[in-house]
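This is the structure I want to talk about, given as structure tokens.
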Amino acid sequence: MAKKKYYAVKTGLTPGIYESWDECEANVKGYPKAEYKGFKTLDEAREYMGENCDVTSSQIETYIGQDEVGRGEPFRRVIVVAAYLDGNHLDELKKAGATNDSKNYGLDTDKCVKLGQLLTHFTDYKEVENKVYENEELGITYSVYSIDNGYYNKLHENDSKMNGNKILAIMHNRAGFNLANYLAKKGIIIKNVVIDNFLGVVNAPKNYTKYVENEKYRLDTSGVNMIYETKSEGKYEAVAVASNIANYLEQLYCDMIRKKMEAKGGNLSSHGFSNGIEDVQFAFDEIVKVYGRLDNPDIEEEFKHTVYYENYMNTGKVH
């Protein structure tokens, strides 16, 4: 009989999923009406736990953590980052704040910039490519996969089946595929992938598989536990690091657009690059003032194909 690999404690001293019987027994022995069960796979254990599931990074084997930012109109890029941590620098990463949710820092903050430079060493978005990078000093290996929002929205126009979740799933697959292959060549075999869930609690596994099934280069998940969990930055260090890297890359991209405008005499220094109506209206008015028209090919690629863009072109207003 195959040995159980995961032990799920639904009711016990400390509910959770454990990798050894000794840990499980310590949480259920003598506990009134304890509920627990052993499973061969992590997915089975998670299904048993349901909403009570509380798996932490210390309870899973070698894993990649993935997150994304910038899914919105009209200026920000959609950036997916997949990250692997070798585990030897966790104390240093925690001290720096890299294992905290990037939403704690946001754009246009000193913390975002300081942390981002520490994690990536980038100072300009022009340095960033869709590829795998290493930060050996902090034991981080990460993959970037990014597209601008103009292209993101163009995909919607050209294919009615290409919804936002499908685009993100494809991007996550490519980031994860590139990183897992890179690590495999170094002898590191990934057994778990944690994605900050954007696909819904119930149907995430089915939808993700459906969305990436026609991808030429697809992460082989046959021997991998795919974990889709909301707010996973707070539980998995690699997801938090991926989130903070993506947040900083978005900061660099926004800064690049600001500098592009400044070089022409424009000013977007106070522009937050949000989806707020007033924010977008201000930016479009400033672009027209500098470039003469919104559809100038030197600037429009970053934001065209958006609803705001089409409305502004037709009426001079973003709504």
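I need the full set of residues from segment 287-319 which are out of contact with any helix residue (DSSP H, G or I) (no Cβ under 9 Å at 6 or more places or on another chain) and either farther than 25 Å from residue 79 by Cβ or of a type in the set (Phe, Trp, Tyr) (or both), in order please.
289, 292, 311, 313, 314, 315
Can you name the residue in segment 252-269 that is under 23 Å from residue 115 (Cβ atoms) and of a type outside the set (Phe, Trp, Tyr) and, of all such residues, is most open to solvent (accessible area, probe 1.4 Å)?
259
Of everything in segment 283-309, what is modelled with pLDDT of 90 or more and of a type in the set (Asp, Glu)? Give them in sequence order.
Residues satisfying the conditions are 285, 286, 295.
Continuing with this model, one more query. Give me a count of the residues in segment 213-235 that are open to solvent by less than 30 Å² (accessible area, probe 1.4 Å), of a type in the set (Val, Ile, Thr) and either more than 21 Å from residue 57 (Cα to Cα) or in a loop (DSSP other than H, G, I, E, B) (or both).
Residues flagged as open to solvent by less than 30 Å² (accessible area, probe 1.4 Å), of a type in the set (Val, Ile, Thr) and either more than 21 Å from residue 57 (Cα to Cα) or in a loop (DSSP other than H, G, I, E, B) (or both) within segment 213-235 amount to 1.
Right, another one. Can you tell me which residue within segment 284-319, out of those that are in contact with a Gly (Cβ under 8 Å, 6 or more places away or on another chain) and open to solvent by 50 Å² or more (accessible area, probe 1.4 Å), is nearest to residue 159 (Cα to Cα)?
In this case the residue turns out to be 301.
Now for a separate question. Could you list all residues from segment 259-286 that are under 19 Å from residue 70 (Cβ atoms) and touching a Leu at 6+ places or on another chain (Cβ under 8 Å)?
261, 272, 273, 283, 284
Could you figure out which of (1) open to solvent by less than 30 Å² (accessible area, probe 1.4 Å); (2) over 24 Å from residue 122 (Cβ atoms) isn't true of residue 180?
The failed condition is (2).
Before we move on, is residue 240 under 28 Å from residue 86 (Cβ atoms), touching a Phe, Trp or Tyr at 6+ places or on another chain (Cβ under 6 Å) and either open to solvent by 30 Å² or more (accessible area, probe 1.4 Å) or in a helix (DSSP H, G or I) (or both)?
Against the criterion (under 28 Å from residue 86 (Cβ atoms), touching a Phe, Trp or Tyr at 6+ places or on another chain (Cβ under 6 Å) and either open to solvent by 30 Å² or more (accessible area, probe 1.4 Å) or in a helix (DSSP H, G or I) (or both)), residue 240 does not qualify.
Please enumerate the residues belonging to segment 85-117 that are farther than 30 Å from residue 269 by Cβ, open to solvent by less than 40 Å² (accessible area, probe 1.4 Å) and part of a helix (DSSP H, G or I).
Initial filter on segment 85-117 (farther than 30 Å from residue 269 by Cβ): 85-95, 99.
From the residues that got through so far, the ones that are open to solvent by less than 40 Å² (accessible area, probe 1.4 Å) too are 85, 93, 99.
The one that is farther than 30 Å from residue 269 by Cβ, open to solvent by less than 40 Å² (accessible area, probe 1.4 Å) and part of a helix (DSSP H, G or I): 93.
Within segment 183-204, restricting attention to residues that are in contact (Cβ under 8 Å) with a residue 40 or more places away in the chain and outside any loop (DSSP other than H, G, I, E, B), which residue is most open to solvent (accessible area, probe 1.4 Å)?
Per the criteria, the residue is 196.
Out of 178, 214, 244, 203, which single residue is of a type outside the set (Asp, Glu) and in contact with a strand residue (DSSP E or B) (Cβ under 7 Å, 6 or more places away or on another chain)? Please lay out each step first, then the result.
Numbers: 214 fails: in contact with a strand residue (DSSP E or B) (Cβ under 7 Å, 6 or more places away or on another chain); 244 fails: in contact with a strand residue (DSSP E or B) (Cβ under 7 Å, 6 or more places away or on another chain); 203 fails: in contact with a strand residue (DSSP E or B) (Cβ under 7 Å, 6 or more places away or on another chain).
Of 178, 214, 244, 203, the one residue that is of a type outside the set (Asp, Glu) and in contact with a strand residue (DSSP E or B) (Cβ under 7 Å, 6 or more places away or on another chain) is 178.
Taking only pairs six or more apart or across chains, which ones have beta-carbon atoms under 8 Å, a first residue in segment 256-282 that is modelled with pLDDT of 80 or more, and a second residue that is open to solvent by 60 Å² or more (accessible area, probe 1.4 Å) and assigned to a loop (DSSP other than H, G, I, E, B)?
These pairs meet every condition: 258/269; 261/267; 262/269; 277/319; 281/317.
Anything in segment 118-153 that is open to solvent by 40 Å² or more (accessible area, probe 1.4 Å) and part of a helix (DSSP H, G or I)? List them, or say none.
118, 126, 127, 151, listed by residue number.
Sticking with this one: So, residue 60, is that one buried (at least 17 other Cβ atoms within 10 Å of the Cβ), closer than 25 Å to residue 184 by Cβ and modelled with pLDDT under 95 or not?
So residue 60 passes the test.
Modelled with pLDDT under 85 and either surrounded by 19 or more Cβ atoms within 10 Å (Cβ to Cβ) or in contact with a strand residue (DSSP E or B) (Cβ under 8 Å, 6 or more places away or on another chain) (or both): is that true of residue 158 in this structure?
On the way: modelled with pLDDT under 85: yes; either surrounded by 19 or more Cβ atoms within 10 Å (Cβ to Cβ) or in contact with a strand residue (DSSP E or B) (Cβ under 8 Å, 6 or more places away or on another chain) (or both): no.
No.
The values are calculated or read from the model by the stated rules, or taken from the named source; none is laboratory data. Predicted, not measured: the structure shown is a model, and the values here were computed from it. Every residue, glycine as well, gets a Cβ built from its backbone with ideal geometry; the counts of neighbours run over all protein chains shown. Each accessible area value is taken on the protein alone, full model and side chains, heavy atoms only, with ligands, DNA and RNA left out. Shrake-Rupley method; radii C 1.70, N 1.55, O 1.52, S 1.80 Å.
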